[in-house]
Amino acid sequence: MSKARPLAAPPRDPSRPRSKAAPSDGSEDNSRERIHLSALKLFSRYGYDGVSLQMIADDVGLHKSSLFHHYTGKLELMREAVLSVIAELLALLEPLLEQEEPTLQTLYDGMMLLVDHFSEHPESARLLVTIMTAPDGSDVAKLARDEQSAGFYMRLSRWLEHARRLGVVRKISIRQAIPNIMGLILFYPAVANDLRDFVGPDAFSARARQVRREEITRLLQAMFAP
């Protein structure tokens, strides 16, 4: 099983506003990382509107004003959390996305990596579901169309289109297929902890994960096998 890498802040887009002060030493770097991880946890748990900067500051153990030494505001914190999750997905799926001669097995293997990843990081699944289901026109919804976020979906789309041209996958609508794939991968880990009475307390056990792999493989075969 592939071991998920620790979440890391993505490279800053030079066209976007910079934080008011850059980290100057190891302590500052550590504070920024703790703020980042706290934001990911709280946004995934309570949603964007349900989290305040004060909540993040209290969780990290810093004064609220200290957050502005690292971030310009709450939206930048949310954006960094989302892009760190997208960066994880790209790293996990790089062998798939770079494959010149696609195969169904590579697709299945890549999706199983995501099953394992989101089983280990359900907060990342909840965060992606949050931005994918945000109201149109909201700042959070715009994060789903951010250049780096959209880039992930475009690369997966190009891979599937290439596989479809080669006859590796059946002639399906790629635009419909990608949301269906993400729904299969994301929904269960996003809600499992909230549905313990239904799914049981061992939703992320090794056995539950294996059953989920097998079920998703069968669904992917039904969706994509020629």
* Structure fact -> Expressed in angstrom and ordered largest first, the alpha-carbon extents of the chain along the principal axes are 57, 44, 35
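Taking all protein chains as present, what is the carbon and sulfur share of the accessible area of segment 67-108, in % to the nearest whole number, probe 1.4 Å?
The value for segment 67-108 is 55 percent carbon and sulfur by accessible area.
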* Return the aspartates and glutamates within reach of K74: Cα separation strictly under 13 angstrom, same-chain partners fewer than 8 residues apart disregarded; answer none if there are no such residues. => D49, D139
* Asked: Say R0 is 25 Å: what FRET efficiency, to the nearest 0.05, do S157 and T217 get from their beta-carbon distance?
  -> 0.75
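Counting heavy atoms of the protein chains only and a 1.4 Å probe, report the per residue accessible area for the chain as a whole number of Å².
Ligands and nucleic acids excluded, the figure is 53 Å² per residue.
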* **Projected area averaged over orientations for segment 160-212, convex hull of C-alpha atoms, nm²** => 4.7 nm²
* To do: Just the ratio, please: alpha-carbon radius of gyration of segment 71-169 over 2.2 N^0.38 Å, N its number of residues.
  => 1.18
* Under the Karplus relation 6.51 cos²θ - 1.76 cosθ + 1.60, θ = phi - 60°, what is the ordered set of whole-Hz ³J(HN,Hα) values for segment 188-200, x standing for Gly and Pro? -> 4, x, 5, 10, 4, 5, 8, 10, 4, 5, 9, 8, x
* To do: On the protein heavy atoms, probe 1.4 angstrom, tell me the percent of accessible surface of segment 122-204 carried by carbon and sulfur.
  => 54 percent
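The values are calculated or read from the model by the stated rules, or taken from the named source; none is laboratory data. Here the structure is a predicted model, which means the values were calculated and not measured. Don't worry about glycine lacking a Cβ; one is built from the backbone with ideal geometry, like all the others, and counts go over all protein chains shown. Surface accessibility is based on the protein's heavy atoms, side chains included, excluding ligands, DNA and RNA. Shrake-Rupley method; radii C 1.70, N 1.55, O 1.52, S 1.80 Å.
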